[in-house]
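Okay, so here's the structure we're looking at.
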Amino acid sequence: MVPPAALAIHMCIGQAYAFSVFNLPMTKLIGITQSTPEDWKLTELGWIFSIAIVFLGLSAAFMGRWVEEHGPRKAMFLAACCFGGGFIVSYFGVKMHSLPIVYLGYGVLGGIGLGVGYISPVSTLIKWFPDRPGMATGMAIMGFGGGAMVGSPLAVNLMAYFKTPTDMGVANTFLLMGIIYFCIMMVGVVIVRIPAPGWKPEGWTAPAAGAKKLVTTENVTVGQAMKTPQFYLLWAVLCLNVTAGIGVLGQASAMIQEMFPGRVTPITAAGFVGLLSLFNMAGRFLWSSASDYLGRRNTYAVYFLLGIALYATVPTTGHMGSVALFVICYLIIISMYGGGFSTVPAYLKDVFGTMHVGAIHGRLLTAWSAAGIFGPVLVNYIREYQINNGVPKAEAYTVTMYIMAGLLVVGFICNFVMREVDARHHHREALEAA
């Protein structure tokens, strides 16, 4: 019942990927049929999601140790209160037409719920599945990738249900979604369990020290992990893998329409975005499960080498006019983007042990926050520069694709030089040295 407990959290907080469905209705809260000067601007509303992601990274980084010390149940309860409470505070913000209250609600409070909820089941799942840590974390983090598939239609249908000639239905949707998500997350709180000390699956024997390369039987505390080069190499590995994928996600619809003008309609582009979501979700489970057999470093090597080849191929698909080949390239790329998120907790477990893996994972997620800036900036600003200098829109992404391939080369090198943590950082030796 532990994977369903984790899914109950991650499927809910994954709604964050679908928050954009609220943006246009919230620009017409007063005008109803069209925006008025008193309505909020789209640029102002864009900060709600950005603030939430910032606080996701901050809360995951700074509360990781608290999550480890107090266990998954208290952490998941806190996440349910913050995430559900963020919707409810936003309800009052919409009712009062106060954007700062919405920032405080979904952005700050909801963002804390996102961060704590994201890391809360990780170390618990790894302890229950010491034989298959990649598969275990993949099951949970797959839910985060698929949360938008539930959250988007739920929000759209609720807004349509509550809409009246004088109300866009946003406030009541926030209120009801806050209650629904809190209740579902509480199911996870109730059924989550941690294994007894020393528990292991029947018939399974832990590998002896040194039996598997880059898989330790020792533990490194979160403080010591921050002093190792391995932490920063893994930070770069995650950041570069995510940077390459997240920029594409943000511009997927526009990119396929501009690269194949007249051949891809907005409806077809929307279908492409939906396919990306499916492969993002499936990749989180399939790639991380495969890493249990391939090894974590080998799996990331595949991400980078295959990614380099695919990004270098994308401009050629545009010149060939092959929409099918373009779509296939990006579906594989996005599956590895999702796989990067779900494989990294097991990679951390292999390198630093299980003792503080949740807290270390929280610190590492700051790489996500950084990639969330780097990826879109690279794609958007290079595209704009190219177009301003007379490059046709269909070719405006060519340089960006080669830059992404270059970033993946750097990521491959960082992953290639990964080695076991020096024994002086292990928990016992570090205590004796102190």
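A short reminder: the numbers here are calculations on the coordinates, not readings from a lab. Just so it is clear, the model here is predicted, and its values are computed rather than measured. Cβ atoms come from the backbone with ideal geometry, glycine included; neighbour counts cover every protein chain shown.
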Specify the inter-centroid distance of segment 307-378 and segment 57-114, based on alpha-carbon positions, in whole Å.
26 Å
Peptide ranges 286-297, 214-225 listed from the most packed, as the mean C-beta count within 10 angstrom indicates
286-297, 214-225
Across all Cα atoms of segment 2-191, Rg and the largest Cα-Cα distance (Dmax), in Å, are 16.9, 59
So how long is each side of the chain along the principal axes, counting just the alpha-carbon atoms, biggest first, in Å?
67, 51, 38
Candidate aspartates and glutamates - alpha carbon under 12 Å from LYS393, same-chain residues fewer than 8 apart omitted
GLU258, GLU384
Hydropathy first: keep DSSP H helices in the chain averaging at least -0.5 on Kyte-Doolittle, then drop any whose Cα extent along the axis falls short of 18 Å, and list what survives.
42-95, 133-162, 170-191, 229-259, 266-294, 296-320, 323-352, 366-388, 398-416
Using a simple spin-label model with points 7 Å from Cα along the Cα→Cβ vector, what separation in nm is obtained for GLU420 and ILE328?
4.2 nm
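How high is the relative contact order of segment 267-353, in percent, with contacts defined as C-alpha pairs under 8 Å that are six or more residues apart?
It rounds to 51 percent for segment 267-353.
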Aspartates and glutamates whose Cα lies under 15 Å from that of LYS127, excluding same-chain neighbours fewer than 8 positions away
GLU68, GLU69, GLU202, GLU218, ASP292, ASP350
Once Lys and Arg get +1 and Asp and Glu get -1 on their Cβ, which of MET168, PHE341, LEU45 lies farthest toward the positive end of the dipole of the chain?
PHE341
Cα-based reach from LYS28 at 16 Å (exclusive), listing lysines while leaving out same-chain residues under 8 positions away
LYS41, LYS95, LYS163
Given points 7 Å out from each Cα along the Cα-Cβ axis, report the PHE62 to ILE32 separation in nanometres with one decimal.
4.3 nm
So if R0 is 41 Å, what FRET efficiency would ALA206 and VAL150 give, r being the distance between their Cβ atoms, rounded to the nearest 0.05?
0.65
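In nm, what is the difference between 0.36 nm times the number of residues separating THR268 and ILE194 and their Cα-Cα distance? Spell out each step's value before the answer.
On the way: separation 74, 0.36 × 74 = 26.64 nm, distance 4.54 nm.
Answer, rounded to one decimal: 22.1 nm.
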